[in-house]
Structure formats: structure tokens, C-alpha cells
Amino acid sequence: MVGGILIGNLLSFVLIGGLYYLTFKNSPKHATILLLIVACGFALSFIKLVEKYLLLVLALGIVAVFIVIIQSRKARDLALHNWLISAGFRRMEFPFVETLFNKPASTILRHLPYKGELTSYQQTIPFVMAIRYSSSPSGKTTRITVECSYYFNEKIDVDLLSDKFKIAKENTANPRLWQRNLKSCDIFRPAIGGIVVNWSVSDAIEGYRERHEWIKNALQN
């Protein structure tokens, strides 16, 4: 009996920890709200007057947690949208977007191509940054993969830029366990010409910002 209670409590903590982690990746503010809801529910469970309404309180708490998770996703999308605008990205139509990804995907969910510009040695270099969302079966679940590609084909020497990107990749430190892997990028030349740097990315501002800074630094060296 005691063992069952301990296992139940452990599973609850693991579930709450997982939900907190997912929410924190979207929005630290909403992750804090989620913890407050859980803490309030836990505190109410010790109040005798609430005991007969415990199932109702639990149901309301679960609903509130999922509302916070949904709102955190909306906050993440808004924050990412604002960052893209501040970094100078503009949505565009790009008919060859699939050629900017070197690995085939089982099911393409959507492509989001953006136009951007970077300055290198007082020269403005235009590029396309494309995000691809795809899904593939993983056991009994579906795995969602997010990738972003930087594509250059205007006002550049492709051979020179290829060398810059390869040197940048070699000079990128191997990540520690808790760090994102910027070194794990694919550098290739698509059939439409030019050159692409492609990564898998966590769908959060930090992931896109780090890759944008990597590209900027590579162009400057």
C-alpha cells in the first residue's frame, strides 16, 4: 500500500516536472503560473472544508494547467514572431524551399521561408532562412522535427562562403550535455545553386538566435 502511494507520488512529480519543462521552454512566466496552480491545488487538498469537493478542485486544476500550457505556446509564438521582425526577417514566397533541406521527411507539415540580410565587410548579403516542420512515426507516437536552413546565392562567392562555413563548423566547440549542438549542421550545395547551412532546432527563440549568431560570425571571419 505504502509502495503504491510512493510510486503514485513519484509519477505525479515526474508528470508535473515534464509539464513544467515544456511550459518553461515556451514561456518562463507561464511555467511559474503552472507551479502556482499546482501548489494551490496541493494546499487546498489539506483543507477539510474542501475535501468533499476534491474531485472538482482536481478537475479545475487540470483544466487550468492545460490552459496555461496552451497560453505559453501562444506566448512563445508571439515572442518568436517579434524576434524575427526585430532581426530583420520578412516572410516571403520561395518555390524551391524543399531543396534547402538535405534530409527527406516522411510528412511535411509546413514550410516558413523568410528573407533576410546580413552585413559582411561593408557588403549587404541577402539570404533566405527557411523553417521546416515535419513528422515521422516513432514507436506508437509521432515525432515532430523542426529544422532551419540558411541559403545564400546572391552577392557571394560560393566557394569562399563554403570555406567560411566549414571553418566555422570545425571551430565550433562540441556541446556539453545540457547545451545545444551548433556543430551538428549540414553544409551543402542545393541543385538550384548557392549554399545552405541546415540544422535541427528546438522551436524556441534561443535556438534560432544562436544559429543566426553562428551565421553572422562565420561571415565575419
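Read the figures in this text as sums done on the coordinates, not as results from a lab. None of these values were measured; they are calculated from a predicted model. Virtual Cβ from ideal backbone geometry, glycine too; neighbours counted across all protein chains shown.
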Cα centroid separation - segment 100-122 against segment 10-48, whole Å | 36
Can you give the relative contact order of the chain as a percent, counting alpha carbon pairs under 8 Å and 6+ residues apart?
-> 15
Could you state, as a whole-number percent, how many of the C-alpha pairs of segment 157-218 are farther apart than 17 Å?
-> 40
Between their Cα atoms, which of Lys25/Lys166; Lys115/Lys155; Lys169/Lys216 are more than 24 Å away from each other?
-> Lys25/Lys166
Contour excess over end-to-end distance, with Cα ends at Ile205 and Met92 and 0.36 nm allotted per residue | 38.7 nm
Estimated [θ] at 222 nm from DSSP helical runs (n ≥ 4, -39500 (n - 2.57)) normalised by residues in the chain, nearest 500 | -16500 deg cm²/dmol
GluC sites (Glu not before Pro) in segment 101-198 lying in a DSSP loop, each with at most 14 other Cβ atoms within 10 Å of its Cβ, come to Glu154
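When only Cα pairs under 8 Å and 6 or more residues apart are kept, what is the percent relative contact order across segment 100-151?
The normalised contact order for segment 100-151 reaches 36 percent.
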For the chain, list the DSSP H helices whose alpha carbon atoms reach 15 Å or more along the long axis and whose average Kyte-Doolittle value is -1.0 or above?
-> 2-26, 28-44, 54-86, 158-171
Taking the simple approach of a point 7 Å from Cα along Cα-to-Cβ for both Tyr53 and Ala39, what is their distance in nm?
-> 2.2
Starting from the Cα of Lys29, draw a straight line to each of the lysines and keep only those under 20 Å, dropping any in the same chain fewer than 8 residues away.
-> Lys74
FRET efficiency for Asp159 and Ile62, Cβ-Cβ distance as r, R0 = 45 Å, nearest 0.05?
-> 0.20
Centroid-to-centroid separation of segment 198-221 and segment 148-168 [C-alpha atoms, Å] | 14
Mean separation of Cα pairs under 8 Å and 6+ residues apart, divided by the residue count of segment 90-221: what relative contact order is that in percent?
-> 22
Segment Lys103-His81, extension gain: residue separation times 0.36 nm, minus the distance between their alpha carbons = 5.3 nm
Could you please tell me the mean projected area of the C-alpha convex hull for the chain, averaged over all directions and given in square nanometres to one decimal?
-> 16.1
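Full-extension gain between Lys115 and Phe24, please, as 0.36 nm times their residue separation minus the C-alpha to C-alpha distance.
Here the answer is 29.8 nm.
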Low-density loop positions, chymotrypsin sites (Phe, Trp or Tyr not before Pro), segment 115-221 - DSSP coil, at most 13 other Cβ in 10 Å | Tyr121, Trp178
